[in-house]
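So the structure is just underneath, and the comments pick up after that.
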Amino acid sequence: MRRGLRGSSAELLHKLHRRGPVFTFRDALEVSGYDRGYLKLVLHMLERGGWIERIERGKYVILPLEAEKGRYTLHEFVVGSTLVEPSAISYWSALHHHGLTEQIPNVVFVQTTSRKKRRELTVLGTRYKIVRVVKRKFFGLEPLWIEGFKVYVTDREKTIIDCLDKPQYCGGVIEVYKALREGGVDAGRLSKYLERFGSGAVAKRLAYLAKLAGLEIEMPSCLIKKGVVALDPTMPKKGRVDRRLKLLVNVELRE
């Protein structure tokens, strides 16, 4: 059972809630006017009383009146988006969101350009993986409103590109192949994204998978560079070499 709230604590919680269900220590410092030491005490009492729950150091979620501490779960995409800034739900999580895979990932993947000491976290019972990319690779985002929060998810085409860049974060290239066969992917946008992304390895993998899936994609020839890369770097480096694409086909995907 929750402990009662006194006037100043109730007022602080009300001010914070007007900003949304998630807040940081800095937010609380700004709206309260308290010094850091006293604010830490107030937040500690609110947490003990079951009014807030800590997501990670310096970040909290305000629990709804009907929620029970330790059992309340905020949508995982919302939590993931608060862990780092900028952020986008990506890789296997985005594949599932777009209905491009039947597999349900047990980790929420979050892409960012920022550095973060802890790349793997468990928050409110859900595991998160933070994946850092260079700025030129952070694009193709679409907004999604969840529980009053605006979060970003990589669109279908960018998700395909990302998963071919880091197949270990999507269950391997077989999941990308299935997604391409599902349809609903814009070939023109894929080609533009591929050129913008600028990865020869991704270009080779996509060229091979697209042909296999019967999808015509204009491939920037400048990206088919020297050097053989593996179709699926998560699999053993054994198989035949596609001389045209300079691609080691180390996993067979034909039906």
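Only the coordinates and a few stated rules stand behind these numbers; no lab work does. Keep in mind that what you see is a predicted model, and the values were worked out from it rather than measured. Please note: Cβ atoms are built from the backbone with ideal geometry, for glycine as well, and neighbour counts cover all protein chains shown.
Here are the numbers for this structure:
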item: Reciprocal mean inverse distance between Cα atoms of the stretch 76-249 - Kirkwood radius, Å; result: 16.5
item: Peptides ranked, highest mean first, by Cβ atoms within 10 Å: ranges 230-241, 163-174; result: 163-174, 230-241
item: Using distinct alpha-carbon pairs, which all enter the 1/r mean, Kirkwood radius of the stretch 7-62 in Å; result: 10.9
item: Gyration tensor verdict on the stretch 96-141 (Cα atoms; rounded if a/c is under 1.5, prolate if a/b is larger than b/c, oblate otherwise); result: oblate
item: HN-Hα J in Hz across the stretch 224-232 - Karplus 6.51, -1.76, 1.60, θ = phi - 60°, x for Gly and Pro; result: 7, 8, 5, x, 8, 10, 7, 4, 10
item: In sequence order, calculated HN-Hα J values of the stretch 99-112 (Karplus, 6.51, -1.76, 1.60; Hz; x Gly/Pro); result: x, 9, 8, 8, 6, 9, x, 9, 9, 9, 9, 10, 9, 7
item: The chain: relative contact order as a whole-number percent, Cα under 8 Å and 6+ apart; result: 12
item: Net charge contributed by nearby residues that have their C-beta within less than 13 Å of residue 185 (K/R +1, D/E -1); result: +1
item: Cysteines (scope the chain) whose Cβ has no counterpart Cys Cβ under 4.7 Å; result: 222
item: Residue 153 long-range amide H proximity, modeled H, under 5 Å; result: 89, 142, 144
item: Listed pairs 59/137; 166/204; 150/192; 178/246; 116/192 exceeding 21 Å between Cα atoms; result: 59/137; 150/192; 178/246; 116/192
item: Estimated dipole of the chain in Debye, rounded to 20 [Cβ of Lys and Arg +1, of Asp and Glu -1, Cα centre]; result: 1120
item: Fluctuation leader among 41, 206, 141 - the chain, Gaussian network, Cα springs under 10 angstrom; result: 41
